[in-house]
Each structure stands twice: as C-alpha cells, then as structure tokens.
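The values are calculated or read from the model by the stated rules, or taken from the named source; none is laboratory data. Keep in mind the model is a prediction, meaning the values are calculated, not measured. Positions of Cβ are backbone-derived with ideal geometry, glycine not excepted, and every protein chain shown enters the neighbour counts.
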Amino acid sequence: MGDGHHYVYGTLQDFVTGDRIPDTDDERLRQKLARFLVERKGYTKEDLHVRVRHDISCADHSAYSITDIVVVVGGKALMVLRYGPGSLVTRERPALAAARTLQADFCVPLAVVTNGNDAEVLDVRTGRVIGYGLENIPGRDALVKQSVSFDSSPVSARQLEAEKRILMAYDGIEHSCSCTEDWCQPTKK
C-alpha cells in the first residue's frame with residue numbers, strides 16, 4: 001500500500017529497539033546501516049539512539065528534526081548519521097546543522113551522510129569531508145580514541161541560530177508530510 005510518498009510493505013522489527021515499525025524501502029536501508037554499525041564497526045545496540053527527534057525554534061517558527069542514528073558512547077553523543085536517497089552532497093549541510101544543534105551546550109564532533117550504498121564522514125567543526133565510503137565510518141574503538149581530541153565546544157549563539165534556520169529549512173521540507181498515519185509522525189525519544 002502506498003500513499004504517494006511512502007510504499008509500505010507491512011511492518012518489520014527494528015534491529016536496535018525491537019519495536020515494530022513500517023517496512024519501507026528507506027527503512028530497510030536504515031536497518032542495514034544499524035546492523036552494519038553493530039556487526040562490522042563494533043558498536044553495541046545501546047550505543048545507537050535511533051530516530052532521535054529534537055525540537056527547533058527560531059524567530060517565530062517551531063519545527064523538529066529527526067536524526068536517523070546518534071552514536072552515544074559513555075554518555076556522550078559522538079556521531080550523527082543521516083540517511084537519505086540520492087546525492088550525498090545535498091545531505092551534508094543538514095547533517096552538519098543537526099550535529100551543531102542537537103545539544104545547545106555541546107557540538108557533536110562527527111556527522112555521516114549516507115544513501116545506503118555510499119557515505120561521507122564530516123568533521124562537524126570544519127564542515128570538511130574527512131572520509132568517503134561506508135568502510136571509513138569510524139568503528140567504536142577508533143571513535144572512542146579519537147574523541148579525546150575532538151573539539152566539542154558549542155557553536156556561538158549566532159551560529160547556533162543560523163544552524164537552526166538551515167535545519168528548519170531542510171527538515172521543514174522533508175517532514176512536511178500531510179498524511180495522518182501515526183507512524184509518519186515521529187515521537188520524541
């Protein structure tokens with residue numbers, strides 16, 4: 001069954017949470033990514049926070065953003081992963097904005113954009129691509145070692161506002177779905 005923007009095959013069991021969620025082509029790729037992080041990169045399911053929603057407000061507008069996976073090790077968010085079909089370059093800017101706005105007092109140091117087949121690893125502080133391909137997503141041990149040298153201080157108040165506007169513009173378009181299905185309206189985790 002499809003409603004014009006999602007083709008839903010039924011439900012599947014989320015690899016990380018065990019919850020039943022809608023089975024879509026995009027969700028199958030997200031599940032593959034989570035499984036890859038656990039089975040090939042050494043993360044635990046507990047390290048992966050999935051479908052993380054955070055509310056954004058700036059000026060007179062409010063919105064929310066969904067980050068597919070936030071990697072949290074030792075209580076600290078170290079990497080965000082955002083999936084989207086198509087070109088990776090078009091996914092870079094909202095991924096950086098998500099990492100810079102996820103927590104007001106902390107800048108998540110790494111962001112990954114992926115279309116399920118390829119990936120770019122981004123240094124959030126500089127915005128530069130520091131790795132290409134799924135294999136270059138840092139494994140758990142490497143990420144923990146690197147984390148001691150990360151600059152995770154928050155962005156300036158001025159930049160935070162700009163990042164919120166960028167994220168609102170991108171995700172406002174992506175999440176402007178008008179369907180009434182409960183599963184299409186993310187819940188705060």
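Somewhere in segment 158-167, is a residue over 24 Å from Thr24 (Cα atoms), loosely packed, with under 12 Cβ neighbours inside 10 Å and modelled with pLDDT under 95? Within segment 158-167, one or more residues are over 24 Å from Thr24 (Cα atoms), loosely packed, with under 12 Cβ neighbours inside 10 Å and modelled with pLDDT under 95.
The residue that is farthest from Glu135 (Cα to Cα), counting only those in segment 51-68 that are surrounded by fewer than 15 Cβ atoms within 10 Å (Cβ to Cβ) and over 15 Å from the mean Cα position of the chain (by Cα), is Asp60.
Checking each residue in segment 9-25 for being touching a residue at least 12 places away in the same chain (Cβ under 8 Å) and surrounded by fewer than 16 Cβ atoms within 10 Å (Cβ to Cβ) picks out Tyr9, Gly10, Thr11, Leu12, Thr17, Asp23, Asp25. Would you call Val80 modelled with pLDDT of 90 or more, among the β-branched types (Val, Ile, Thr), surrounded by 22 or more Cβ atoms within 10 Å (Cβ to Cβ) and touching a helix residue (DSSP H, G or I) at 6+ places or on another chain (Cβ under 9 Å)? Judged against the criteria, Val80 is a match. Of the strands (runs of 3 or more DSSP E) contained entirely in segment 15-90, those carrying at least 2 residues that are within 28 Å of Asp105 (Cα to Cα) and not aromatic (Phe, Trp, Tyr) fall at 48-58, 61-73, 76-83. Per the listing Val89, Val71, the residue uniquely closer than 20 Å to Asn136 by Cα and crowded, with 23+ Cβ neighbours inside 10 Å is Val71. Close Cβ contacts (under 7 Å, 6 or more residues apart or on different chains) running from residues in segment 37-50 that are buried (at least 18 other Cβ atoms within 10 Å of the Cβ) to residues that are among the small types (Gly, Ala, Ser) comprise Lys41/Gly139; Leu48/Ala34; Val50/Ala34.
Condition check: under 20 Å from Val155 (Cβ atoms) and of a type in the set (Lys, Arg). Does Arg100 satisfy that? Yes. Whether a residue is touching a Gly at 6+ places or on another chain (Cβ under 8 Å), without any contact (Cβ under 8 Å) to a residue 60 or more places away in the chain, assigned to a strand (DSSP E or B) and under 18 Å from Leu167 (Cβ atoms) was assessed, and Val113 passes this test.
Of all residues in segment 92-106, exactly one satisfies the criterion of being buried (at least 16 other Cβ atoms within 10 Å of the Cβ) and not in a helix (DSSP H, G or I), namely Leu102.
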